[in-house]
Amino acid sequence: MVVALDRLDPRIKWLVLIAVGLIGSWIALPGLVALVALILWMLRPHPARSFRYSPKTLLPFCLVLTGLFLVRSIDLQIGGRDFRLHLPPEHVRDGLRICLRLAAVGLTGAWIALSTPLNQLKAAVEWALRPIPFIDERTVSTLLGLMVRFIPEIWVLANDTLQAQAARFMGHPPSLLSRIRIFVLILIRKTILTADKLSDAMAARCFSEVRTGFELHLKRLDYIMLLLVLTTLPLTFFLC
């Protein structure tokens, strides 16, 4: 069943993402826990899945949520040279509610990104923007595709820059602020140069936004999921 959900139409997946965001803003804390548990169950590794990922890749996202929870939950009182930390129960509940909502939306987005090919995502974006006037849906989908392809390049450039800094500053490391400033400037320069090379390569190949895209078709499972979402949303709204 989980593998079958990966093959849903990308438009239905976007609808599921919107539904998760709305339901997460309506339900109480126990419901949010159950919703996040359900999404984690959907994301569990399966040998028949077309994508592979390690649960360790969720660590940065978990660290961000933990930091947000601490900032939202801790009540810091400073008086003179003394300071006190308090964890009011209402602040803890609010922090958990916010983090679980973000976790539900973020994990659903990760499922969509992992299980949907890029050409299908672009086709869904073009389909959604086509009725809107004054917006060229092909340009937006092309920019989306370039952004998705370019983010891993930036990650590689950042890793190479960090390794070069570690070798160059060995034995006489500068201050942390200086290292951050140098790292950011070098990374921006490398990113701009790489983008220029990509632009030149696209121009040399006579790249055009007008091309045959992926044809979207709703199947039986898509209609079932559409009916399920359209039924769950009003029920959740009136019950909560």
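Every number here is computed from the coordinates shown, using simple stated rules; none is lab data. Not measured: the values here are computed from a predicted model. Ideal geometry is used to build each Cβ from the backbone, glycine not excepted, and the neighbour counts take in all protein chains shown.
Taking amide H as placed 1.01 Å from N in the peptide plane, the amide H of residue 214 sits under 5 Å from that of 123, each at least 5 places away or on another chain. With a sphere of radius 15 Å drawn around the Cβ of residue 183, what net charge do the other residues whose Cβ falls strictly inside it have (Lys, Arg +1; Asp, Glu -1)? So the surrounding residues net to +4.
Take every pair of alpha-carbon atoms less than 8 Å apart whose residues are at least six positions apart; their mean separation over the length of the chain yields a relative contact order of 30 percent.
Using the Kirkwood radius built from alpha carbon pairs, what does the Stokes-Einstein equation give as D for the chain at 10 °C and 1.306 mPa s, in µm² per second? Reported coefficient: 73 µm²/s.
Calculated mean residue ellipticity, 222 nm, the chain: -24500 deg cm²/dmol, from DSSP H runs (n ≥ 4) at -39500 (n - 2.57) each, averaged per residue and rounded to 500.
Restricting attention to the chain, lysine pairs at least eight places apart or on different chains and with alpha-carbon atoms under 29 angstrom apart total 8. Considering only 156, 27, 107, the residue lying farthest towards the positive end of the dipole of the chain is 156, judged by Cα position with unit charges set on Cβ. Size check on segment 118-213: the Cα extents along the three principal axes, sorted descending, read 59, 28, 22 Å. Neighbour counting of Cβ atoms within 10 Å sorts the residues 155, 111, 26, fewest neighbours leading, into 155, 26, 111. Net charge in the neighbourhood of residue 198 (other residues with Cβ under 10 Å of its Cβ; Lys, Arg +1, Asp, Glu -1) is -1. Taking every full run of DSSP H in the chain, the ones that stretch at least 30 Å from end to end by Cα along their long axis and average 0.0 or higher on the Kyte-Doolittle scale are 89-115, 137-168, 176-204.
Under a model in which nothing but the beta-carbon of Lys, Arg (+1) and Asp, Glu (-1) is charged, segment 118-213 shows a dipole of about 280 debye around its Cα centre.
Once each of the trypsin sites (Lys or Arg not before Pro) sitting in a DSSP loop with at most 10 other beta-carbon atoms within 10 Å is removed, the chain keeps 82-204 as its longest stretch.
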